[in-house]
Amino acid sequence: MSRRSGILEFAILGLLRESPMHGYELRKRLNTSLGVFRAFSYGTLYPCLKTLVASGWLIEESGGASEDALAAPLTGRRAKIVYRLTAEGKEHFEELLSQTGPDAYEDEHFAARFAFFGQTSRDVRMRVLEGRRSRLEERLEKMRASLARTRERLDDYTLELQRHGMESVEREVRWLNELIESERAGRDLKGTAAGESDSQDTTSGAPGGLPRSREDDSRTGPSDDTAT
């Protein structure tokens, strides 16, 4: 399994842990709630879903809405397929959530992991945040060393681009420092005491357009698109 497909599988399992969804709804959540997946298409999503079904982590069900049942014979369209997490899939996702290896600190994987911090235990969140910060501090040190060596040979625009990249990394390090400080103080992102928020609830919001509650998503309404 490639690293990128592994991230997609992780995100799908996490979203379906919140509630069963059609393929269209899944893609919409991946695009809007998890910006790292904006470039993913149905051609990538559905093979991944089939793999998860074959692994026993998801099951496919026909759409249960009455209009779906009526629409199929009248229009010739197939009923929508709903994907539901199995008990084995939930167990597998929880195992993935507990992992804190180097992959969790990389750019795309970290974004996906952070999106599901509301379902992650506090000690694991701390290890992932500290690992990410360490990784970025190493990157920043290399960027500074490289800039010092090549500064005289760079034109103004290339130099400005490198400075911009360094500033972006510095901002994320500061952000991570704030998050780590909050975790150590036993607060969630809204400043609530640990005992009030650390209950694996997924309804708490987080910076950067991360997953919200099911009620928030329901306001957009379902699509009439049919899964293929």
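Key figures for this structure:
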| item | result |
| --- | --- |
| Helices (runs of 4 or more DSSP H) contained in the range 21-128 and holding at least 1 residues modelled with pLDDT of 95 or more and open to solvent by 60 Å² or more (accessible area, probe 1.4 Å) | 42-54, 87-97 |
| Tabulated pairs, the range 176-188, first farther than 17 Å from R135 by Cβ, second open to solvent by 90 Å² or more (accessible area, probe 1.4 Å) and in a helix (DSSP H, G or I), C-beta under 9 angstrom, 6+ apart or interchain | R187/E181; D188/E196 |
| Any chance A115 is more than 21 Å from the chain's Cα centre (by Cα) and among the small types (G, A, S) | no |
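The values are calculated or read from the model by the stated rules, or taken from the named source; none is laboratory data. Everything quoted here is computed from the prediction, not taken from an experiment. Neighbour counts run over all protein chains shown; Cβ positions are idealised from the backbone, glycine included. For the accessible areas, the whole protein counts, side chains as well, though only heavy atoms, and no ligand, DNA or RNA atoms are used. Shrake-Rupley method; radii C 1.70, N 1.55, O 1.52, S 1.80 Å.
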